[in-house]
Amino acid sequence: MTMRLPTTLIPAQNGTRRLPKVSWWYSSILAVALIALGVTVAVQRSNGTPGTITLSVVDELGQPVAGAEIAVGTTVVMTDQAGAATLRAPNDARSMTISRSGYGEVAGVLDGANGGRQRVTLQPAAPPPAAPNEVAMAAGTPAATPAHAATPAPKATSSPATGTPAATKTAAKPIEGTITDAAGKPIRGARVVAGTQVKITGKDGLFSFKSDTANVAAVDVFASGYGETTAKIEGAAPLSVALKLEPIKAVYLNPTISNTQADIDRLVKMIDATELNAVVIDIKEEAVYYDTNVALFKKSGTVTPILDLPKLLKQMKEHHIYTIARLVVFKDSVLAENRKDLAILDNTTGDVWRDMNGVAWVNPADHSLWEANSDLAVEAIRHGFDEVQYDYVRFPTDGDLSRVDLGMPNDEAHRVKAITGFLKMTDEKLWPLGGKLSADVFGYTVLTNDDIGIGQNFAELAPYVDYLSPMIYPSHFDTGNMGLNGEPNDYPYETVEITMTAGKRLLDGDALKMRPWLQDFSFFNMTPYGDKQVRAQIDAAEDVGTSGWMLWDPNNKYHDGALQQAERASAPSVEPGKLAVIRQSAGATRR
């Protein structure tokens, strides 16, 4: 059982084990010649970091191709502005494809036998056949030279003066505009996606794309707390996009408890009959609950496929239910026991470190764990989930922390860097797929400006997720935490109002970045919770202005009397793998 956090946490001590030298991305080695699909491929090798490969993607003139998609199994990496992406060598040969709009796709085989730097040359895709009403090119006249940019080659057109073809290059038109709410107030932090580019609005709600937009016909826009929308580009006038608030109101589905069709139907019926519009479904906690293709978990014996994801997600989509995949990250005892090299170690014994309950943890500083768990997140979005929610995305709190060996200094700067780095990696993988990312954090994180010893600094995590979800269960705060006259458990409205107001202050007034977990369970010998207490928490969250809320009961028995029995509007729903057009273990002590 995990007890409530004390007001003062035990300070963590530095470890002594060397930090694992593992790159961020799945690396691979390009074996033999790449098989081009209608294109020519050039590969050049040079020395690089052992066990990794830096893949440089260029056009036939040697210019970098940014935004090229490199797919290796379920891993998808995009090249940066320099046309480069770094990957880690696989243990076995894997197929790979490299694609970019305007270029022919390249397919090949990656083999971990070699390393270094490699260069792949993409050739422009052949232009589409001319339409019947287009002017035919004069026989023997040379074709127009294509533009070597990340856009399809322009068509040749006839010159009015001579009747011979003249090359016309489509100018990259700037795309700019303003994102506002329904009342016309600018939205800060909105994400605007144009092709492979993304811009984030400032306080003025403005965005601008200066280049590489010639073939972009629309932009996709999303902001925390709002529905996603697609705005078509018509003419050169600046866009004005107004977003509609769409709060998510969810319940948790524990597949180890609600594991029959009757159980699932009961929850769906409750969602249909109330203001609820979303569900949080476990896909990994100790075990991966579906048949994943992520090699680390398959080879480590941690896959227990109890979920029929296609059937389950189909039912949710039919009922317009927004789906959130809950993924427990670093409290992964099975993996830690099976793979000691990935575990937090004991700096005294050299063996696997265990918390006060004897539970082993994997090391949040190990980048190979970042890669594998973010690959699970990508899989979840491709299966059809709208959002991935990381839980236990932190360092441990219970046990003799002075014996923790992370292979790095166990101080706040390193802990926060590890957690934010992992979230940043996942965010960059998910936004091209239209997936949202959220992170569960301790309720205490909103009451302090530091990381409370676990790597969760509330304000510093915010830029890398769409939603922060503090677990503000009143039963889990100690008397005196918020100046209340008694146990916070007896003050459900006040506890939520105080904590969410504090979180809003840390986020410079942005309450829509928060979607809290609320308590729908009774804790030991404290005042039991029912309709009144649950509703009080909901009212407080909505009064502060959060972007919704989620109810937690590990046994999935919710007080539907606390919910408004009104016909709900259709919740936002994202089709698998594309942007939408609006775009714990049993026991009530999850912590």
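Only the coordinates and a few stated rules stand behind these numbers; no lab work does. The shown structure was predicted, so the numbers you read here are calculated from the model rather than taken from an experiment. Positions of Cβ are generated from backbone atoms using ideal geometry, with glycine treated the same way; all protein chains shown enter the neighbour counts.
A Förster radius of 25 Å, combined with the Cβ-Cβ distance separating residue 508 from residue 208, puts the computed FRET efficiency at roughly 0.65.
The phi torsions of the range 271-288, fed into the Karplus equation with coefficients 6.51, -1.76 and 1.60 and a -60° offset, translate into couplings of 5, 4, 8, 10, 6, 4, 9, 8, 9, 9, 10, 5, 10, 7, 7, 6, 10, 8 Hz, rounded to whole numbers, with Gly and Pro shown as x. Each DSSP beta bridge with both residues in the range 228-343 is either parallel or antiparallel, and the antiparallel ones are about 15%.
Note on residue 479 and residue 417: the model spin-label points, each 7 Å out from Cα along the C-beta direction, lie 4.3 nm apart. Restricting to the range 248-562, what percent of DSSP beta bridges are antiparallel, rounded to 5? Here the share of antiparallel DSSP bridges comes out near 15 percent. Using the Cβ-Cβ distance between residue 272 and residue 236 with R0 set to 60 Å, the FRET efficiency from 1/(1 + (r/R0)^6) comes to roughly 0.85.
Checking every one of the trypsin sites (Lys or Arg not before Pro) in the range 212-266 against DSSP loop status and a limit of 15 other Cβ atoms within 10 Å picks out 244. Gain on full extension, evaluated as 0.36 nm per residue between residue 428 and residue 244 minus their Cα-Cα distance, stands at 63.8 nm.
Going 7 Å from the Cα of residue 259 toward and past its Cβ, which residues in the range 276-301 have a backbone nitrogen under 18 Å from where you end up? What the label zone holds, given the 18 Å backbone N cut-off, is 281-292. The amide H of residue 303, built 1.01 Å from its N in the peptide plane, has 288 as neighbours under 5 Å, considering only residues 5 or more places off or on other chains. Residues whose amide H comes within less than 5 Å of that of residue 78, counting only those at least five positions distant or on another chain, are 70 (H built at 1.01 Å from N in the peptide plane).
Quick note on the range 248-562: its Rg to Rh ratio, both from C-alpha atoms and Rh being the Kirkwood radius, is 0.95. Projection of the Cα convex hull of the range 175-243, averaged over all directions and equal to a quarter of that hull's surface, yields 4.2 nm².
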